[in-house]
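A.B. asks: Following this message is one structure expressed as structure tokens.
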Amino acid sequence: MSDIDFNQPLSPWQIVQLARTSGRPLIGDYIQGMCSDFVELHGDRAFGDDRGLIGGFATIGGERVMLIGHQKGKNVEDNIKANFGMANPEGYRKAMRLMKLAEKYHLPVVALVDTPGAYPGLEAEARGQAEAIAKNLTVMATLRTPYVIVVTGEGGSGGALGIAVGDVVLMLQYAVYSVISPEGCASILWRDGKKAPEAAAAMKITADSLLQLGIIDEILAEPPGAAHCDPHTMVQTVKDAVLKHVQALKSLTLDDLTAKRYAKLRRMGSATLA
């Protein structure tokens, strides 16, 4: 994104472009840079194994965790295999299976979010895409183990939310998190996808806006020029933040943990009228 002047405040649309830039660290980079070991687990025990959403046992800085996240590819071939990070219902059901395993073995869950959205295809809908995501929301809201989320790139709609209900939500400086893409919003509101920049500005989808709204808890600074310019530093920043929050959450009793999570979720969307 050589046309972006980082000495000036960036527009929401510029941040959208940065969130989608090739070269940003993907889940494979985080696994390689954060984890001393990673054992991937496959399948939802019902239909198959989805490559758009992966997970498994991992060790991060000496902390044993269950790591799950959306998977994108670094080239077209890998992206096709991973469905461009758009998970099918079996991906969300696999994630739910791993969440419950984490609860059983008293392991914190770390979720890395980077998806344009859940796959909207006919077969995915026929296999229960909406039901799978909705079931995950219920499970995550009451899961009796610490749950830390990091939005690393695109946090697209229900596809992101399907693994993103937890105790702490971190967000990279130039990531986005939204109920719909700016292009989709523009097409609905103005019947013109070219108005996506205006939609991005209106939707409050950047880290700064979401922190002010109380949707996220912390912004992780990106290196100069954004994450794709120095992936190693970005991975280390995420690792340090994840460890800090995992260790803090582990100090709570499970009753306190779930009570604080419930209170946090109840506060979202509340408004004070002047």
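A.B. asks: Considering only the stretch 117-142, state which residues are free of Cβ contacts under 8 Å to residues at least 60 places away in the same chain, touching a helix residue (DSSP H, G or I) at 6+ places or on another chain (Cβ under 9 Å) and not small (Gly, Ala, Ser).
C.D. replies: Residues satisfying the conditions are 120, 125, 129, 131, 133, 135, 136, 137, 139, 140.
A.B. asks: Can you pull out every residue in the stretch 216-228 that is touching a residue at least 60 places away in the same chain (Cβ under 8 Å) and farther than 16 Å from residue 176 by Cβ?
C.D. replies: Listed by number, the residues that qualify are 224, 225.
A.B. asks: Okay, moving on. Kindly establish whether residue 252 is in a loop (DSSP other than H, G, I, E, B), among the hydrophobic types (A, V, I, L, M, F, W, C), out of contact with any Phe, Trp or Tyr (no Cβ under 7 Å at 6 or more places or on another chain) and surrounded by 14 or more Cβ atoms within 10 Å (Cβ to Cβ).
C.D. replies: For residue 252, the condition - in a loop (DSSP other than H, G, I, E, B), among the hydrophobic types (A, V, I, L, M, F, W, C), out of contact with any Phe, Trp or Tyr (no Cβ under 7 Å at 6 or more places or on another chain) and surrounded by 14 or more Cβ atoms within 10 Å (Cβ to Cβ) - is met.
A.B. asks: Do we have any residue at all in the stretch 24-43 that's touching a helix residue (DSSP H, G or I) at 6+ places or on another chain (Cβ under 8 Å), within 21 Å of residue 145 (Cβ to Cβ), surrounded by 21 or more Cβ atoms within 10 Å (Cβ to Cβ) and not polar (S, T, N, Q)?
C.D. replies: Yes, that holds for at least one residue.
A.B. asks: Of all residues in the stretch 124-134, which are over 17 Å from the mean Cα position of the chain (by Cα) and assigned to a helix (DSSP H, G or I)?
C.D. replies: 124, 125, 126, 129, 130, 131
A.B. asks: Follow-up question, since we're still on this one. Which ones in the stretch 3-47 are of a type in the set (Phe, Trp, Tyr), more than 20 Å from the chain's Cα centre (by Cα) and more than 20 Å from residue 85 (Cα to Cα)?
C.D. replies: Hit for the stretch 3-47 is 6, nothing else.
A.B. asks: Considering the stretch 168-200 alone, what residues qualify as being in contact (Cβ under 8 Å) with a residue 60 or more places away in the chain, more than 11 Å from the chain's Cα centre (by Cα) and crowded, with 24+ Cβ neighbours inside 10 Å?
C.D. replies: Selection gives 174, 200.
A.B. asks: Enumerate the helices (runs of 4 or more DSSP H) found wholly within the stretch 26-116, keeping only those where 2 or more residues are hydrophobic (A, V, I, L, M, F, W, C) and in contact (Cβ under 8 Å) with a residue 12 or more places away in the chain.
C.D. replies: 27-34, 89-104
A.B. asks: A further question on this structure: Select from the stretch 112-154 the residues that are aliphatic (A, V, I, L, M) and touching a Leu at 6+ places or on another chain (Cβ under 8 Å) and list them in ascending order.
C.D. replies: Selection gives 112, 133, 137, 141, 148, 149, 150, 151.
Laboratory data are not the source of any read-out in this text; all were calculated from the coordinates shown. On a predicted model such as this, the values are computed, not experimentally measured, just so you know. Cβ atoms come from the backbone with ideal geometry, glycine included; neighbour counts cover every protein chain shown.
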